[in-house]
Amino acid sequence: MERRTNIFRRMSRPQGSTRLADATEGLEHARGLDRTIRVLSTAVRRTLRPGPVKDALHGVPVGHPAHPPLTDVPMGLWMSAAVLDLMPGTRRASQALVAAGLAGAVPTVLTGIADWAAMHREQQRVGLVHAAGMATASTLYSASFMARYQGRDAAGRAFGFAGLTALLAGGYLGGHLAFRQAAGASHADQTAHLVALGWHDLCSTEELPDGWPVHRRLGYIGLFVLRTGDDVHVLTDRCSHLAGPLHQGRVVTDDNADACVICPWHGSTFRVRDGAVVHGPATARQPAFETRVTDEGILQVRPLG
Ligand code: FES
């Protein structure tokens with residue numbers, strides 16, 4: 001008993017390098033940010049209406065979130081400028097890199113704002129501080145560029161290194177968003193790991209309403225099941241964006257008269273035939289199943305290859 005008590009005491013004590021992660025996790029619960037988040041995310045949603053521009057900002061056309069890879073552009077350019085600032089005779093090259101980083105920050109900011117407005121609250125709290133860090137970095141690099149342009153190189157370098165500090169702090173929070181909070185990752189169940197090969201009995205077709213999605217379970221995973229006449233379409237139920245329940249979504253038809261489901265949480269739209277993303281913020285296809293009906297009227301499913 002004595003030994004167990006000591007173990008728990010050791011585990012609960014913050015240890016050196018984890019304190020930064022603990023503080024960042026604390027941001028997830030910073031309710032004081034919520035009023036600002038409400039105002040800003042409402043303004044973004046009113047400005048950025050559903051459509052091709054919003055889809056492009058999320059990264060729907062490329063099938064991955066657009067924001068994370070775009071952050072590499074200003075970060076890489078500004079870090080390169082910092083390295084050159086430590087060397088003699090690189091004044092013009094550093095200035096060019098700082099300017100290119102500012103240009104690269106524009107699409108990075110726009111894609112980040114679009115994604116942030118469709119996150120859940122804990123992600124938005126961390127995302128707001130991440131954005132504040134990056135805005136500070138951009139402001140300092142703008143000051144750095146102006147100073148260099150006016151020939152005040154020492155001030156330009158000083159602003160640059162201050163900007164780099166803010167950039168690294170904001171980047172750390174971006175990493176927390178991506179890897180701890182899984183912003184941008186697919187939240188759909190991975191059927192390849194969770195469903196055995198072959199056909200599986202799911203339910204009787206008689207219990208499926210026509211044109212109305214229902215929820216069914218297959219082993220560990222929940223399924224979205226939609227019967228339209230003689231056709232039955234099955235997708236995993238947890239939305240690939242942030243795990244919203246697709247069976248509670250609205251069924252519509254797209255421009256090609258294909259049936260689609262709109263996620264009730266942030267409006268991602270998936271074609272029920274194959275799970276393709278029609279509109280974001282989701283960028284990952286919703287895992288889909290092949291279906292067939294036995295002579296006894298039993299619906300069978302297997303993951304679509
Ligand atoms: S959970 Fe966000 S659109 Fe489905």
Taking the dipole of the chain about the Cα centre (Lys, Arg +1; Asp, Glu -1; charges at Cβ), the one of Ile113, Ala147, Val195 that reaches farthest to the positive side is Ala147
Volume per residue that the Cα convex hull of the chain spans, once the total is divided by residue count, Å³
202
For a protection proxy built on the mean count of beta-carbon atoms within 10 angstrom, sort 205-214, 166-175 highest first, please.
166-175, 205-214
For a quick check: with amide H placed at 1.01 Å from N, whose amide H comes under 5 Å from Gly244's, ignoring anything fewer than 5 positions away on the same chain?
Cys239
One finds, for Ala276 and Ala30 with R0 = 35 angstrom and r their Cβ-Cβ distance, a FRET efficiency to the nearest 0.05 of 0.40
³J(HN,Hα), Karplus 6.51/-1.76/1.60, whole Hz, each residue of the stretch 78-92, x for Gly, Pro:
6, 5, 5, 4, 5, 5, 5, 5, 8, 10, x, x, 10, 4, 6
Each residue of the stretch 223-230 in turn: what ³J(HN,Hα) in whole Hz from Karplus with 6.51, -1.76, 1.60 and θ = phi - 60°, glycine and Pro shown as x?
10, 8, 10, 10, 9, 10, x, 8
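Please give the charge dipole size of the stretch 14-180, origin at the Cα centre, charges +1 on K and R Cβ atoms and -1 on D and E Cβ atoms. Round to the nearest 20 debye.
The calculated dipole for the stretch 14-180 is roughly 440 debye.
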Estimated dipole of the stretch 129-283 in Debye, rounded to 20 [Cβ of Lys and Arg +1, of Asp and Glu -1, Cα centre]
1100
Go ahead and run the numbers for FRET between Gln248 and Met146, Cβ-Cβ distance against an R0 of 35 Å, rounding to 0.05.
0.10
Which whole-Hz couplings ³J(HN,Hα) result when phi for each residue of the stretch 42-48 is put into the Karplus expression 6.51 cos²θ - 1.76 cosθ + 1.60, θ = phi - 60°, listed in order with x for Gly and Pro?
5, 4, 5, 5, 6, 7, 9
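Throughout, read-outs are computed from the coordinates displayed, never taken from laboratory work. For clarity, every value in this text was computed on a predicted model and none was experimentally measured. Positions of Cβ are generated from backbone atoms using ideal geometry, with glycine treated the same way; all protein chains shown enter the neighbour counts.
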